[in-house]
Amino acid sequence: MGILEKIAEIEREMARTQKNKATEYHLGLLKGKLAKYRAELVEVKSGGPKGEGFDVKRSGDARVAMIGFPSVGKSTLLSTITETEAAVSNIDFTTLQATPGRWEYNGAVIQLLDLPGIIEGASQGVGRGKQVVSTARTADVILMMLDATKSHLQRPLLEKELEAVGIRLNKNVPNIYFKVKTGGGISYNATCKQSQLNEKFVYNLLHQYRIFNAEVLVREDVTIDDFIDVVVGNRIYLPCLYVYNKIDAITLEEVDRIAREDHTVVVSIEKDLNMDTLKQYIWEYLDLLRVYTKRHGEYPDFSEGLILRKGATVEDACRAIHKSLLETFKYALVWGKSAKHNPQRAGLSHPLCNDDVIEIVRK
């Protein structure tokens, strides 16, 4: 029996099983098996040759991947905010390969990736969907394009396909310490009361994965799915922005209802409605920092800043300027939100904030 057949069999058994307190343990173990086979499926598929047009070189300061069903406006958006001329048509599957575009915003160069429209079952290889959702794993932000005039089932169906390849949308990494050891058996401890997880389930799930020696420390109330994700270990946690296009074709009441959903922005790309808000949302979800530099005795250069990731330190700023700076680094002077006083003398580990100004003092 192949991996796809095993996945289908487990899904059928889960569908037959009633969900209640008595079956929670059994369903948890089935979820563990399902996650194991899906992880194997991703590894097997990704080990082969790459599909034509999907091996897109990463460029710029960040990558945003647009994913959605056919004819929702991905190519139109790419053509609108970048200089890339993407094929645009009302016919489904106009885009047949990944099309990158270059977009400059707030001093950052952002790569916008237009992925072909996918269909249900994409994560298991239907159409070219397997390549599409796997490419989405390389992004910093997922832009889920949805048609405001069509069924509301679009969003959960797309989320299901991304979940199947290990992409977790708008979720934090579970606060679980998990380490496989060479001996000593399985050690399980929780620092707070667990509503779903228990020692018996942890032992049996790890044995199911042929792990017999491990240390598990749970620091928050987590779900069974959270623990499975930690054990599988190939999960990608990405911010996702849900973009509902074609709002000019629905009522104002419907637009208002959709706009109130979490992580959602409503637009009409063709009518240029709410596009500035969309760009600002993308920038916020990328969580980038813009840091300015100055020379000793001179004013800061506000015309061009360093683009860094959230949580970046003075060391990251030095590497962004030139890695040789680390060899002669003495200290840095920092002005801005991260400084307790202006200027603050800081070392390499000092965390930076957006719009900080930094001066590097060398030995």
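Within segment 208-218, the presence of at least one residue that is outside any strand (DSSP E or B), open to solvent by 80 Å² or more (accessible area, probe 1.4 Å), out of contact with any helix residue (DSSP H, G or I) (no Cβ under 9 Å at 6 or more places or on another chain) and closer than 21 Å to L30 by Cβ is confirmed. For segment 236-267, a tally of residues being part of a helix (DSSP H, G or I), touching a residue at least 40 places away in the same chain (Cβ under 8 Å) and out of contact with any helix residue (DSSP H, G or I) (no Cβ under 7 Å at 6 or more places or on another chain) returns 3. Scoring E253 on the criteria (1) loosely packed, with under 12 Cβ neighbours inside 10 Å; (2) closer than 19 Å to V361 by Cβ leaves a single failure, condition (2).
Only residues that are closer than 22 Å to A164 by Cβ and open to solvent by 60 Å² or more (accessible area, probe 1.4 Å) were counted in segment 181-207, giving 1. Within segment 219-250, the set of residues being surrounded by fewer than 19 Cβ atoms within 10 Å (Cβ to Cβ) and among the polar types (S, T, N, Q) comprises T223, N234.
Among the residues of segment 322-347, those that are of a type in the set (A, V, I, L, M) and surrounded by 15 or more Cβ atoms within 10 Å (Cβ to Cβ) comprise L325, A332, L333, V334, A339, A346. Residues in segment 268-312 that are under 15 Å from L333 (Cβ atoms) and either buried (at least 16 other Cβ atoms within 10 Å of the Cβ) or of a type outside the set (D, E) (or both): V291, Y292, T293, K294, R295, H296, G297, Y299, P300. For G233, the conditions (1) at pLDDT below 90; (2) touching a helix residue (DSSP H, G or I) at 6+ places or on another chain (Cβ under 6 Å) all hold with the exception of (2).
The values are calculated or read from the model by the stated rules, or taken from the named source; none is laboratory data. Note that the structure is predicted; figures quoted are calculated from it, not measured. Cβ coordinates were reconstructed from backbone atoms using ideal geometry, including for glycine residues, and neighbour counts include every protein chain displayed. Please note that ligands, DNA and RNA were not included when accessible areas were found on the heavy atoms of the full protein model with its side chains. Shrake-Rupley method; radii C 1.70, N 1.55, O 1.52, S 1.80 Å.
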